[in-house]
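Worksheet: the structure to be examined is printed underneath.
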Amino acid sequence: MMRTPLPLLVALAMLAVALAGCLPPPAPPPEDLNPPKDNACTPYTRPPAATGASLSGQNAFGFMLRLVCDFSAKDPKPLYRIPGTAGQTKASLYLHSTLSSFGWNTTWQNFTGADYQQMDKLGAGAWANACGKEAKERLPHLPFSNVVAMRGGTSNSILLLIAHYDSKRTASQDRDPARTTDPVLGANDGASGVGVLLELARVWSTKTLPFEIRILFTDGEDGFEDCHPLAGAVAYANALTQSERSRFEGVLLLDMVGNASSPFMLHGNTETMPQKFKLAAQAEGVEPLAKATVGGSVVDDHTPFMSLGLPAMDVIPSDYYRTDYWHTTHDVPSKLSASFMGDVARTVDRFVALLPSD
Ligand SMILES: [Zn+2]
């Protein structure tokens, strides 16, 4: 047996790290889901390719629809994006190929539940300890895949835009006790923010940006049994180097932005971001966002970044936990508004123009 020389080992290790970002996520183990009998994708056909130089709510809705419905067969089928299922892999491949097609530098960040359990500093260990027996056994083996896209700008600062793409394994909040073990389609909670950010990525691909913009589509925000949430955000925040952190202009998270049926709140740790976001919404005539309350309380994908002391803000309905869709089988595309998704996209676009510090 020959000893591998050290420089070769280093080179191999570097190659492995480099490849980790270029490879699709590993194939997940098969899992039996208990899908509801009614198919929320039946009313839809494959959305046309997004076109046009300006932001369109219809395009944002179409991107959302392609994430939650599988149009590869003749009849569209619900695409549940649950860690450890084939839907998760299909979804992350769709996001990766779409962002790449817009010319963004796109990579995967793959990790397991066991990696997540090690990320104690950002709260993951404490959450994972709350898992029940079944979840505790499964967690270490669960695969997670963040999709990250980058595009440079005129300054070296980084603006990180986040939306989660996973959907919840069980509709724990469903009003009908018989449906609480059904999977959640997550059109609003798990796809609306993605639709908006994909439309922005498309339109920005031909524009000069004021910062380096990173789009992070997180996996595992909702957790397998509510006991290991924010997996993707924790993993991404944990991997940031000190020099990257020092370049952060801000973190903007969009969660459940698919309709304006309830009031919004802007939750975070800065005064500037909510102020400029509301100004942007006002200028775009988007009342539900211009009137958003600042403050409140929510643990979401922006939390791990706030733990690092980075400026971060979450745009989320203030009473999401009282809606009929949150973690229920009613979180379906027909509840979403293409026109409001366009409003959100235009507000974020203007916010990005207003954000550079004076
Ligand atoms: Zn959720």
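Total residues in region 111-158 satisfying the condition of being outside any helix (DSSP H, G or I) and surrounded by 19 or more Cβ atoms within 10 Å (Cβ to Cβ): the figure is 14. Applying a threshold of 6 Å to beta carbon distances and a minimum spacing of six or more residues, or different chains, the list of pairs starting in region 211-228 at a residue that is under 12 Å from Asp301 (Cα atoms) and ending at one that is in a loop (DSSP other than H, G, I, E, B) and more than 13 Å from the ligand (Cβ to nearest atom) reads Gly220/Pro83.
Need at least 1 residues that are touching a residue at least 60 places away in the same chain (Cβ under 8 Å) and among the small types (Gly, Ala, Ser) per element, so show me which helices (runs of 4 or more DSSP H) inside region 269-324 make the cut, counting only ones lying wholly within it. Explain how you work it out, then say what you get.
Details: elements: 272-283, 287-290, 303-307.
In region 269-324, 272-283, 303-307 are the helices (runs of 4 or more DSSP H) which contain 1 or more residues that are touching a residue at least 60 places away in the same chain (Cβ under 8 Å) and among the small types (Gly, Ala, Ser).
Going by the structure shown, is Asp115 acidic (Asp, Glu) and either touching a Cys at 6+ places or on another chain (Cβ under 9 Å) or on the phi > 0 side of the Ramachandran plot (or both)? No.
Remark: pairs (first residue in region 181-195, in contact (Cβ under 8 Å) with a residue 12 or more places away in the chain and within 9 Å of Leu67 (Cβ to Cβ); second residue among the small types (Gly, Ala, Ser) and more than 9 Å from the ligand (Cβ to nearest atom); Cβ separation under 6 Å; 6+ apart in sequence or on different chains) = Val194/Ala163; Gly195/Ala60.
Looking at this structure, is Ser297 more than 16 Å from the ligand (Cβ to nearest atom), of a type in the set (S, T, N, Q) and at pLDDT below 95?
Numbers: more than 16 Å from the ligand (Cβ to nearest atom): no; of a type in the set (S, T, N, Q): yes; at pLDDT below 95: yes.
No; evaluated as a whole, the condition is false for this residue.
Residue count for region 189-233, restricted to those that are part of a helix (DSSP H, G or I) and touching a strand residue (DSSP E or B) at 6+ places or on another chain (Cβ under 9 Å): 16.
Condition check ((1) surrounded by 19 or more Cβ atoms within 10 Å (Cβ to Cβ); (2) of a type in the set (Phe, Trp, Tyr); (3) modelled with pLDDT under 95; (4) more than 13 Å from the ligand (Cβ to nearest atom)) across all residues:
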| site | (1), (2), (3), (4) |
| --- | --- |
| Ala163 | yes, no, no, no |
| Arg175 | no, no, yes, yes |
| Ala178 | no, no, yes, yes |
| Pro183 | yes, no, yes, no |
| Asn188 | yes, no, no, no |
| Gly195 | yes, no, no, yes |
| Pro210 | no, no, yes, yes |
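Residue-wise test of (1) in a strand (DSSP E or B); (2) closer than 22 Å to Gly153 by Cβ.
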{"residue": "Ala53", "(1), (2)": "no, yes"}
{"residue": "Phe63", "(1), (2)": "no, no"}
{"residue": "Ser72", "(1), (2)": "no, no"}
{"residue": "Ser92", "(1), (2)": "no, no"}
{"residue": "Gln109", "(1), (2)": "yes, yes"}
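Among residues of region 110-133 that are more than 16 Å from Asp219 (Cβ to Cβ), none has a beta-carbon under 6 Å from a residue that is loosely packed, with under 14 Cβ neighbours inside 10 Å at least six positions away or on a different chain. The requirement of being away from the ligand (no atom under 15 Å from the Cβ), under 29 Å from Tyr321 (Cβ atoms), surrounded by fewer than 17 Cβ atoms within 10 Å (Cβ to Cβ) and at pLDDT 95 or above is not satisfied by Gln242. Evaluated against (1) at pLDDT below 95; (2) within 22 Å of Val147 (Cβ to Cβ), Leu12 falls short on exactly one condition, (2).
The values are calculated or read from the model by the stated rules, or taken from the named source; none is laboratory data. Predicted model, so just to flag it, every value in this text is computed and none were measured. No Cβ is skipped: glycine too gets one built from the backbone with ideal geometry, and neighbour counts run over all protein chains shown.
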